[in-house]
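Bear in mind these aren't lab numbers, they're just calculated from the coordinates by the rules spelled out. Keep in mind that what you see is a predicted model, and the values were worked out from it rather than measured. Cβ placement follows ideal geometry from the backbone for every residue including glycine, while neighbour counts extend to all protein chains displayed.
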Amino acid sequence: MPDTTRSDVATRLIHDSYRPPAGFESVQPPVYKASTVLFADTAALRASRWEDRSGYTYGLHGTPASYLLEQRIAALEGASHCLLAPSGLAAISVTALALLSQGDEVLLPDNVYGPNKALSQELLRRYGIGCGLYDPMDAQDLAARIGKATRLVWLEPPGSVTMEFPDLPALVRVCQERAVATALDNTWGAGLAFAPFDLLGDASLGVDVSVHALTKYPSGGGDLLMGAISTRSSALHERIQRCHMHLGMGVAGNDVEAVLRALPGMALRYRAQDAAARELARWMQGQGAVAQVLHPALAGSPGHAHWQLLCAPGGEGLAAGIFSVVIDARYTGAQVDAFCDALQHFRLGYSWGGPLSLVMPYQLAAMRGRAPAQLAPGTVVRFAIGLEGVQDLRADLAQAMERVFGL
């Protein structure tokens with residue numbers, strides 16, 4: 001440290017000699033914010049490696065706090081490696097771009113998260129990558145659609161919006177038999193409902209990559225964006241890591257701090273929101289305006305048996321705090337919109353996993369190539385349950401139904 005006692009005040013403010021004593025420890029880990037990382041000398045500069053997390057080179061490639069969060073997410077998912085991305089969609093994009101090349105094909109479930117479908121059908125096709133859709137409720141349909149060019153299959157339990165729960169082990173087996181990589185959107189499961197790399201407790205039956213929108217349950221606040229890409233394969237991790245680096249994917253120190261702070265309470269929040277969602281979903285089954293309730297943990301919901309086998313083999317199991325309903329076809333789209341507008345505790349907004357309950361009506365015809373046979377006719381409305389009192393949410397639903405549907 002240079003002697004700055006006789007320096008200009010501006011120099012002294014930047015080159016202050018104070019160093020805090022070692023030994024400080026607190027409940028929450030320290031957070032480091034940096035673009036530039038400083039080195040003691042040129043030998044240290046040349047020896048530092050970010051690829052194996054043994055050192056630091058530049059803030060974009062990681063800090064002690066981001067390395068810690070990656071380690072904790074890997075432990076949550078049951079993975080060996082993890083990379084953070086600026087959003088869940090960014091994590092999806094990096095995975096696709098890392099594993100696919102010109103002339104390859106990716107297959108997605110017909111009920112996949114909409115932005116993933118748009119990425120594949122628009123951006124990837126511009127790069128000469130083919131895209132196809134398969135019926136997630138039919139493993140044989142997936143088997144029939146895998147061709148010589150198929151290199152990646154996306155899996156999503158349950159399906160976005162319509163909540164069908166696929167036979168995930170069967171879909172993974174189909175891909176393993178054909179040596180096709182699998183990538184799972186595990187945002188709903190959150191590393192809690194089931195183990196993506198050990199399906200049915202079998203270490204030989206697991207996905208290759210698990211993508212997780214930390215925006216949802218790990219954050220829990222509805223106030224930041226972040227994603228994670230986890231894998232057990234060192235070769236896959238290195239391939240994804242290079243693409244991640246080339247695209248300049250980084251996360252902010254403040255956001256890392258927020259997720260680290262929220263993670264210890266995630267399991268409690270997940271269970272509370274699960275319990276509230278099931279109670280409200282069961283109540284909705286008895287409402288005259290509702291033709292169908294779509295919640296994997298409820299008997300009769302599409303794929304309930306698959307959810308039970310994977311997530312609840314010996315008890316109540318776990319499910320995320322979201323569900324959808326089909327409002328009977330005798331009501332118009334305008335009436336459904338009016339119902340959503342009449343809600344007071346539920347607010348209109350995308351996403352889920354935060355403290356505020358959300359509602360969103362969907363025009364399914366614009367999202368799906370054909371109407372799913374397992375859905376009743378009508379308009380789909382999705383509810384994301386927050387942390388409000390269940391009785392208040394139920395009363396809110398009741399008053400909106402009475403006001404709009406007269407029930």
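Quick rundown of the values:
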quantity: Proximal lysines relative to Lys117, as straight alpha-carbon distance under 24 Å, when same-chain residues fewer than 8 apart are discounted; calculated: Lys148, Lys216
quantity: Centroid-to-centroid separation of the stretch 293-367 and the stretch 68-122 [C-alpha atoms, Å]; calculated: 24 Å
quantity: Most mobile listed residue (His61, His304, His15) in the chain, GNM with C-alpha springs under 10 Å; calculated: His15
quantity: Prolate/oblate/rounded call for the stretch 319-407, Cα gyration tensor, a/c under 1.5 rounded; calculated: oblate
quantity: Extreme residue, positive dipole direction of the chain, given options Ala297, Gln102, Gly201 (C-beta unit charges); calculated: Gln102
quantity: Net lengthening on full extension, Ala365/Arg126 (0.36 nm per residue, minus Cα-Cα); calculated: 83.5 nm
quantity: Gap separating the Cα centres of the stretch 133-184 and the stretch 190-234, nearest whole Å; calculated: 17 Å
quantity: Pairwise FRET efficiency - Gln176 versus Ala275, Cβ, R0 = 30 Å, nearest 0.05; calculated: 0.30
quantity: Contact order normalised by residue count of the stretch 42-264, Cα under 8 Å, 6+ apart, percent; calculated: 27 percent
quantity: Of (i) 0.95; (ii) 0.98; (iii) 1.03, the label for Rg/Rh (Cα atoms, Kirkwood Rh) derived from the coordinates; calculated: (iii)
quantity: Cα gyration tensor shape of the stretch 253-373, rounded if a/c is under 1.5, else prolate or oblate by comparing a/b with b/c; calculated: oblate
quantity: Gyration tensor verdict on the stretch 22-152 (Cα atoms; rounded if a/c is under 1.5, prolate if a/b is larger than b/c, oblate otherwise); calculated: prolate
quantity: Highest-MSF residue in the chain out of Glu164, Glu122, Glu156 [GNM, Cα springs under 10 Å]; calculated: Glu122
quantity: Percent antiparallel among DSSP beta bridges (both partners in the stretch 42-264, rounded to 5); calculated: 40 percent
quantity: Residue-count net charge about Lys33 - beta-carbon cut-off 11 Å; Lys, Arg +1, Asp, Glu -1; calculated: -2
quantity: Inter-label distance for Ala118 and Asn254, nm, one decimal - labels placed 7 Å from Cα along Cα-to-Cβ; calculated: 2.6 nm
quantity: Percent antiparallel among DSSP beta bridges (both partners in the chain, rounded to 5); calculated: 60 percent
quantity: Whole-number percent relative contact order across the chain, with pairs defined as alpha carbons under 8 Å at least 6 apart; calculated: 15 percent
quantity: About the Cα centre, charge dipole magnitude for the stretch 42-264 (Lys/Arg +1, Asp/Glu -1 at Cβ), debye; calculated: 720 debye
quantity: Cys131 long-range amide H proximity, modeled H, under 5 Å; calculated: Val106
quantity: Residue with peak Gaussian network fluctuation, the chain [Cα springs, cutoff 10 Å], from Ala305, Ala65, Ala43; calculated: Ala43
quantity: The stretch 266-405 - charge dipole about Cα centre, Lys and Arg +1 at Cβ, Asp and Glu -1, debye rounded to 20; calculated: 300 debye
quantity: Proxy reagent accessibility, fewest Cβ within 10 Å first, across Phe323, Phe197; calculated: Phe197, Phe323
quantity: The stretch 240-265 versus the stretch 390-407: alpha-carbon centroid distance in Å; calculated: 40 Å
quantity: Positive dipole terminus of the stretch 108-248, leading residue within Ala139, Thr215, Ile229 (C-beta point charges); calculated: Ile229
quantity: Segment Thr332-Gln285, extension gain: residue separation times 0.36 nm, minus the distance between their alpha carbons; calculated: 14.9 nm
quantity: Gain on full stretching of the segment that runs from Asp202 to Ala40 - 0.36 nm per residue minus C-alpha separation; calculated: 53.6 nm
quantity: For the chain, calculated [θ]222 nm from helices alone, where every DSSP H run of n ≥ 4 adds -39500 (n - 2.57); calculated: -10000 deg cm²/dmol
